[in-house]
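Scroll down for the structure; my scribbles are underneath it.
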Amino acid sequence: MIIKDLETHLLAALTGAEEVWIAAALITDDGYQKILPALTGIKQNYLIGINLPTSPDVLQQIKDNIQPGRVNIRLAGETPTFHPKVYIIKKSDGYLAFVGSANLTAPGLHGNHELSYLVSNQDDCKALVRWFNHSTTKHVDSGAW
């Protein structure tokens, strides 16, 4: 399924989710604030690019929400440029993922000409989780910044 407005579909998918994996080349405060209310009670995993101008403020907000075993953050970047935009959601009945061009910014979620593809094949979604978990990155804990 091709998606042109990721915000609507992502927020709907986060309803009732158990866990989410977000890999984005760029995260801004306005994008994070759009999904933050939907993340309550969900285990969160972030893989955040540092090559693009991700705001230190949003990194601080995410860091402030770190809960051991509930919120995990890894930073990716430098060389080569980290550029994926992948959102994977686990629910009690399985996985789904959105893969495309939309960064976690307000215009990326809604407004820009972005394109995402909904992946519902369980093998493909699990392969995306494996990719996420095995990407070479720096893990950030609450005392690292």
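Each reported figure results from applying straightforward, stated rules to the coordinates on display, with no laboratory input. None of these values were measured; they are calculated from a predicted model. Cβ placement follows ideal geometry from the backbone for every residue including glycine, while neighbour counts extend to all protein chains displayed.
In table form, for the structure just shown:
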{"read-out": "Antiparallel content of DSSP bridges confined to the chain, in %, to 5", "value": "60 percent"}
{"read-out": "Relative contact order (percent, whole number), the chain, Cα cutoff 8 Å, 6+ residue spacing", "value": "32 percent"}
{"read-out": "Helix-only CD estimate at 222 nm, as mean residue ellipticity for the chain, using -39500 (n - 2.57) per DSSP H run (n ≥ 4)", "value": "-8000 deg cm²/dmol"}
{"read-out": "About the Cα centre, charge dipole magnitude for segment 2-139 (Lys/Arg +1, Asp/Glu -1 at Cβ), debye", "value": "340 debye"}
{"read-out": "Using a Förster distance of 30 Å, the FRET efficiency for Lys4-Leu36 (Cβ separation, nearest 0.05)", "value": "0.85"}
{"read-out": "Scattering profile of the chain at q = 0.18, 0.20 Å⁻¹ [log10 I(q)/I(0), Debye over alpha-carbon scatterers]", "value": "-1.05, -1.34"}
{"read-out": "Residues Asn65 and Gln122, FRET efficiency given R0 of 30 Å [Cβ-Cβ distance, rounded to 0.05]", "value": "0.55"}
{"read-out": "Excluding exposed DSSP-loop trypsin sites (Lys or Arg not before Pro) (at most 16 other C-beta within 10 Å), longest clean stretch of the chain", "value": "71-145"}
